[in-house]
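This report refers to the structure that appears directly beneath it.
The values are calculated or read from the model by the stated rules, or taken from the named source; none is laboratory data. Please read these numbers as outputs of a predicted model, since none were measured by experiment. Because the Cβ atoms are built from the backbone with ideal geometry, glycine has one as well, and the counts that use them run over all protein chains shown. Accessible surface is based on the protein model in full, side chains and every heavy atom, while ligands, DNA and RNA are left aside. Shrake-Rupley method; radii C 1.70, N 1.55, O 1.52, S 1.80 Å.
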Amino acid sequence: MLKTVKIMFRIRANYSTASRAREALKTGQRSSNPRITCRRTQFNLFEEDIKPNANEKFGSVPLASGGWYHQKSTGDFFILHPVKQPFEAHSLSDATFQQLGIREELVENLKIRQALYPTTYQAEAIPAVLTGGHMVLAAETGCGKTYTYLLPIIEQILRKKLNRTEREFNTPLVLILTPGRELAQQIGRVVESLTEGLDIRSRVVLGGRTKQHMMNPDFEDIDILVSSFGAMSKLVSSGIYRMNEVRWVVLDEADTLLDDSFNSKLLHLLKRFPFHKNHLQNIGENIIGTQLILAAATMPSNINEQLGQIVALETMEEVVSPNLHKLLSHVSQRFMRVRKSDRAQILLDIVQKEVRRQRPLIIFSNKTPTSDFVSIHLNEAAVPCVNLNGDMLLKLRLGKFEKFQQGEVNVLSTTDVASRGLDTTRAAHVINFDFPLYAADYIHRIGRIGRVGSRGDCLVTNFVSSRAEIGAVQRVEHSARTSAPLAGVDANVKGIIRRNIARSIQQPTS
């Protein structure tokens, strides 16, 4: 116990040192703002010293975390300070939604959701989706990609009066697939709010009750169907949902769906659709083809190889943010080198302080048992906390995220199941209790804050303990110091894991 107290005191003292460094800047000792401040001030970095070089090789730049493999580094830290302006994709455009081709009824529904002007990214991408070509929408988290594809799709349904055509039950016009249940529910709520009063019918289908759906299916008129991929794959195969009238297929969080976790089954499902402008299929002159839209904050490098099995690649258009795969520049991020055994007490100290200040937190762990432990630990300390992970039964999992989102509790303990796509604008602080080992996971986790509509004082706190975590942090710090995209973000995570396991099996035992 004494050891923990000493370590916590050291960390508090270190942050006081960083505060004094910032105060020194205000008095004129340096002419610019700090971008990185460290316990060891020789590693501090200021705006005037930054010389962006995306080609700078890893290992060629001195890092504050460079010595963190040594046991005496416990208590060390560095902080990435924010710049005042968010990424350009998050900023509001001078254009209006009406000028982008969206009708007044839809714009009125947007106003109810406090979306008065499009973001810069939306202003570029919405007209592109309206043209009807296959689209890749790739931009950093929180800049409004859901509206970017939903608005032009709904607009086209209304223009062509497709919602008034007679179709068989369970025969949608739009299929939106997600990797997770919470994201499907969230998109379903957005669809419902955008289509209020427009005579467009929507349905959300979740996994966990697939056998019930198959044994006792619902049959109804559907225009827009939103579903987690696992459930829809089975329900389409069983014939409960018919895909012959689908005019739009959207893969939300496409990088996760195109990862090896889903890949083969996804490609099998997508081959059912007559994607237009596609020399890979002869869909016939009288058949109206399907538009494919992919949306994600990170994109795998082998996307062309996979999409080439479905559509002609020359028919794919891209609207890509220039800051894709880069660290959020407008959010404070602090990295703390701590012992694994000390994390629970340090976490409690931080969380109690934030709860008193009414600052909602999301705490990420790499595995379900750790997420369970964090939740139990905080609740036993009289800090209300909900737990959400992918291993939960559906009846336990439903409503967990909503409790956090609606303010019933201010602390959410979770795994990466909550890191993709969820609207977490009320969150002010992300804590990585386990530091993610893959760059894409870090980008998605920190993207839960600093979103359009988020508060301006958001913070990320990272606990760094194991050798693997230190290696991952060093690549993040290298990216911050060189203003380069994070390396490995476009990797196939499932494929990496599979290859690592294969290598470990092949290695001879000593």
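Look at the range 452-475: where a residue is among the acidic types (D, E) and a partner is crowded, with 22+ Cβ neighbours inside 10 Å, sitting 6+ places away or on another chain with Cβ atoms under 6 Å, you get E469/F435.
Looking at L198, L162, L206, L173, just one residue is within 27 Å of the chain's Cα centre (by Cα), at pLDDT 90 or above and open to solvent by less than 40 Å² (accessible area, probe 1.4 Å), and that residue is L173.
Of the residues making up the range 330-347, those that are farther than 22 Å from R426 by Cβ and open to solvent by less than 60 Å² (accessible area, probe 1.4 Å) are F335, M336, R337, V338, D342, R343, A344, I346.
Restricting attention to the range 433-450 and to residues that are in contact with a Ser or Thr (Cβ under 7 Å, 6 or more places away or on another chain) and not in a loop (DSSP other than H, G, I, E, B), the residue that is surrounded by the fewest Cβ atoms within 10 Å (Cβ to Cβ) turns out to be D441. Here G456 passes the criteria (1) open to solvent by 30 Å² or more (accessible area, probe 1.4 Å); (2) closer than 19 Å to R337 by Cα except the one numbered (2). Of the residues making up the range 102-114, those that are touching a Gly at 6+ places or on another chain (Cβ under 8 Å) and open to solvent by less than 80 Å² (accessible area, probe 1.4 Å) number 1. The residues of the range 413-423 that are in contact with a Gly (Cβ under 9 Å, 6 or more places away or on another chain) and open to solvent by less than 10 Å² (accessible area, probe 1.4 Å), listed by number, are A418, S419, L422. Count of the range 396-427 residues, restricted to those that are assigned to a helix (DSSP H, G or I) and of a type outside the set (G, A, S), is 10.
For P179, the test of being under 24 Å from the mean Cα position of the chain (by Cα) and either surrounded by 18 or more Cβ atoms within 10 Å (Cβ to Cβ) or on the phi < 0 side of the Ramachandran plot (or both) is passed.
Remark: pairs (first residue in the range 113-137, free of Cβ contacts under 8 Å to residues at least 40 places away in the same chain; second residue aromatic (F, W, Y) and open to solvent by less than 20 Å² (accessible area, probe 1.4 Å); Cβ separation under 6 Å; 6+ apart in sequence or on different chains) = P118/F97. Taking the criterion of being of a type in the set (D, E, K, R) and at pLDDT 90 or above, the residues of the range 96-150 that qualify are R103, E104, E105, E108, K111, E124, K145.
Residues in the range 233-256 that are touching a residue at least 12 places away in the same chain (Cβ under 8 Å) and part of a loop (DSSP other than H, G, I, E, B): 10 in all. Whether any residue in the range 317-325 is touching a Leu at 6+ places or on another chain (Cβ under 9 Å), open to solvent by 20 Å² or more (accessible area, probe 1.4 Å) and over 30 Å from A64 (Cβ atoms) is what I want to check. Yes; the residues of the range 317-325 include at least one that is touching a Leu at 6+ places or on another chain (Cβ under 9 Å), open to solvent by 20 Å² or more (accessible area, probe 1.4 Å) and over 30 Å from A64 (Cβ atoms).
Within the range 361-400, the set of residues being out of contact with any Leu (no Cβ under 8 Å at 6 or more places or on another chain) and within 14 Å of H429 (Cα to Cα) comprises F364 only. Of all residues in the range 466-510, which are aliphatic (A, V, I, L, M), open to solvent by less than 60 Å² (accessible area, probe 1.4 Å) and modelled with pLDDT under 55? Across the range 466-510, the qualifying residues are V493, I496, A502.
Restricting the range 107-136 to residues that are small (G, A, S) and assigned to a loop (DSSP other than H, G, I, E, B) leaves a set whose member that is farthest from L198 (Cα to Cα) is G133. Evaluate the range 75-95: report whether one residue or more is outside any loop (DSSP other than H, G, I, E, B), at pLDDT 95 or above, over 26 Å from the mean Cα position of the chain (by Cα) and not basic (K, R). No, the range 75-95 has no match at all. Here P217 clears all of (1) modelled with pLDDT of 90 or more; (2) open to solvent by 10 Å² or more (accessible area, probe 1.4 Å) except the condition numbered (1).
Going by what's in this entry, would E140 be described as more than 14 Å from Q291 (Cβ to Cβ) and open to solvent by 30 Å² or more (accessible area, probe 1.4 Å)? For E140, the condition - more than 14 Å from Q291 (Cβ to Cβ) and open to solvent by 30 Å² or more (accessible area, probe 1.4 Å) - is not met.
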